[in-house]
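A short write-up of the structure that comes next.
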Amino acid sequence: MTSRERVLKTLRHEEPDKIPIDFGAMRSTGIMGIAYNNLKKHLGISNGYTYIYDIEQQLAEIEPVMFERLQIDVIDLVNNFGRFQHDWNSWNLPDGSSCYIHESKYPVKYDNQWVLKNGDRIVARMPETSYYFDTIYHPLETATSPSDIRDYRFHILTDEELFDFETRAKFLFNETDLAIMGGFGGNILELGQTLRGWENFMVDLLANQSFAEDLMDAMTEAHLKNLKLFLQATGDYIQIIQFGDDLGTQAGPQLSPDLYRELIKPRHEKIYTYAKKISNIYTFLHSCGSIYDLLPDIIDAGIDIINPVQTSAANMDPQRLKDEFGDKVTFWGGGIDTQSVLPNSNKEEIVLHVKERMDIFKPGGGFVFNQVHNIQANVRPENILAAYDAVIQNREYE
C-alpha cells in the first residue's frame, strides 16, 4: 500500500496496512529549526539544507532523507518550497546553528532585536530571549465603521501564485506516492484577532456584533474567492485541504458554544461545505486547545479531520474523544503530548506513552500519528526518535 492509499483509507475510517505518519505536513505538525538541526546532527546527516519556511515560528522544511528515516506519509504543498524557489539567504538561529530563510521573510536587525518588515513598517519582532516573532501590527486595530472594512484589501491569489501551486501539486502527485496536504487557512476567529488585535475582536464579538459580522463576512468572501482559485489549480492533485482557527484555550473554548454557533460556525460552514461542493478533498481543521464542547458543531460544519488533538487540555481525554467522535472525524495528532511528555520524559516513558495513544486511536482507522503541535527547540533528538521509532515498530494493523 502506498502512503497516499494508506492515508486515504484511514480517512475513510477503514484500517489500512499501517498507521499513517505525519511529520511537518503543515505549520502545526512539524519541528522548529533548532530541534531539526540537532536531530540531523544526531543522525549523522551533514548534507542538505535547513530551510525555515515559517520564520515566525522558526519551522524547518522536512528533507527527503528525513521522510525515509521517519517513514512519513504526508507532504505539505504550500510550504514545501525550498526545492522549488530561489532567493534563499543564510541566517543563524538563536542557538547559532545555520539555516536559510527566503528573502521575502528575511529578518533585519533593529534596535538590537530581530524584526520583520512589510515595506517600511515593522510587523513583528523577536525579543532577545525568545525563539518566536510576535506580531505587533494589526491593520484594522483602529477601524470603527463598515467603510474602514471596505477599504481594507484582502489578498487574492495571483496568477503567478496559482501557477506555482499547480506546478508543485502536479510534481508531488506524479513524482511521489505521498498524500498531499494543501495548506489554505480560511481562518475567521484567528484572522479577526490578527486584523483587529485579540482584545478588540473579542470585544467586538460581544459588544459590537454588527461591525464584527461585517468584518467576518468580508473575510468569508475573500476566503471563498481564494478557495475557488486554489482548488481549481490544485484540486486534481491534493487529497487534503487544511483550514485553521484556534478556537480553544488550555481550560476551554475561547468563546461559548452558543456564540460559536451564532457568529463563527455559519462562516466556517460556508467555507468548508464549498470545498466539498467543488472537490472530493478531505477537510482538515487545525484548532488548538480544549475544543471538546465545540466538536459536534465543527463536525457538522463540514470538517473531516481534527488537529492537533491537544490531549493535555481540559476535557480532551483521548479515550473519550475516540469513543464519542471516532466514527465521525479523523484524529490527526494526539500521538504524544508535547507540553510535558516529549520534552521532559525519558525514552522508556515516551515509548509507553506513544503505545498507549496508538492503542486508543488506532482501531477502525481514522487516526494519523503526529505529536501534539510542533516540536519545540529544546526537545532532545533522542526523545524525538524514541517517539517515532515506537510508532514505526508498532504501526501495523493485524
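Numbers below:
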| quantity | calculated |
| --- | --- |
| Subset of the stretch 279-313 [over 16 Å from residue 243 (Cα atoms) and out of contact with any strand residue (DSSP E or B) (no Cβ under 9 Å at 6 or more places or on another chain)] | 296, 311, 312 |
| Candidates 211, 243, filtered to the one that is under 22 Å from the mean Cα position of the chain (by Cα), outside any loop (DSSP other than H, G, I, E, B) and either modelled with pLDDT under 95 or of a type outside the set (S, T, N, Q) (or both) | 243 |
| Selection from the stretch 158-197 of residues that are among the β-branched types (Val, Ile, Thr), under 19 Å from residue 221 (Cα atoms) and surrounded by fewer than 18 Cβ atoms within 10 Å (Cβ to Cβ) | 158, 194 |
| Where a residue in the stretch 246-269 is under 18 Å from residue 198 (Cβ atoms) and its partner, wherever it lies, is assigned to a helix (DSSP H, G or I) and of a type in the set (Phe, Trp, Tyr), with Cβ under 8 Å and at least six apart | 247/260; 253/260 |
| Some residue of the stretch 250-273 being among the charged types (D, E, K, R), within 17 Å of the chain's Cα centre (by Cα) and at pLDDT 95 or above | no |
| Any hit, the stretch 189-207, residues being basic (Lys, Arg) and closer than 26 Å to residue 305 by Cα | no |
| Members of the stretch 168-190 found to be in a helix (DSSP H, G or I) and out of contact with any strand residue (DSSP E or B) (no Cβ under 8 Å at 6 or more places or on another chain), listed by number | 168, 170, 171, 174, 175, 189 |
| Test: residue in the stretch 178-190 that is farther than 28 Å from residue 2 by Cα, touching a Ser or Thr at 6+ places or on another chain (Cβ under 9 Å) and among the β-branched types (Val, Ile, Thr) | yes |
| Conditions (1) surrounded by fewer than 23 Cβ atoms within 10 Å (Cβ to Cβ); (2) within 29 Å of residue 354 (Cα to Cα): number failed by residue 259 | (2) |
| Any hit, the stretch 215-231, residues being of a type in the set (Phe, Trp, Tyr), over 22 Å from the mean Cα position of the chain (by Cα), at pLDDT 95 or above and in a helix (DSSP H, G or I) | no |
| All positions within the stretch 364-383 that are touching a helix residue (DSSP H, G or I) at 6+ places or on another chain (Cβ under 8 Å) and either surrounded by fewer than 24 Cβ atoms within 10 Å (Cβ to Cβ) or farther than 12 Å from residue 70 by Cβ (or both) | 365, 366, 367, 368, 376, 377, 378, 379, 380, 381, 382, 383 |
| Elements of type strands (runs of 3 or more DSSP E) contained in the stretch 39-157, each with 2 or more residues being surrounded by 14 or more Cβ atoms within 10 Å (Cβ to Cβ) | 51-54, 74-76, 88-92, 98-102, 113-118, 121-126 |
| Filtered residues of the stretch 6-57 (kept if farther than 17 Å from residue 378 by Cα, free of Cβ contacts under 8 Å to residues at least 40 places away in the same chain and not β-branched (Val, Ile, Thr)) | 44, 46, 47, 48, 54 |
| Count of residues meeting criterion [in contact with a Phe, Trp or Tyr (Cβ under 9 Å, 6 or more places away or on another chain) and at pLDDT 90 or above] in the stretch 74-94 | 10 |
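Residues are listed down the side, and each one gets a yes or a no for (1) modelled with pLDDT under 95; (2) more than 23 Å from the chain's Cα centre (by Cα); (3) crowded, with 21+ Cβ neighbours inside 10 Å:
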| residue | (1), (2), (3) |
| --- | --- |
| 321 | no, no, yes |
| 348 | no, yes, no |
| 385 | no, no, no |
| 393 | no, yes, no |
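Okay, residues lined up against (1) surrounded by fewer than 17 Cβ atoms within 10 Å (Cβ to Cβ); (2) of a type outside the set (Asp, Glu); (3) under 27 Å from residue 73 (Cβ atoms); (4) in contact with a strand residue (DSSP E or B) (Cβ under 9 Å, 6 or more places away or on another chain):
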{"position": "207", "(1), (2), (3), (4)": "yes, yes, no, no"}
{"position": "212", "(1), (2), (3), (4)": "no, yes, no, no"}
{"position": "223", "(1), (2), (3), (4)": "no, yes, no, yes"}
{"position": "227", "(1), (2), (3), (4)": "no, yes, yes, yes"}
{"position": "233", "(1), (2), (3), (4)": "no, yes, yes, no"}
{"position": "239", "(1), (2), (3), (4)": "no, yes, yes, yes"}
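The values are calculated or read from the model by the stated rules, or taken from the named source; none is laboratory data. Source: prediction; values computed, not measured. Ideal geometry is used to build each Cβ from the backbone, glycine not excepted, and the neighbour counts take in all protein chains shown.
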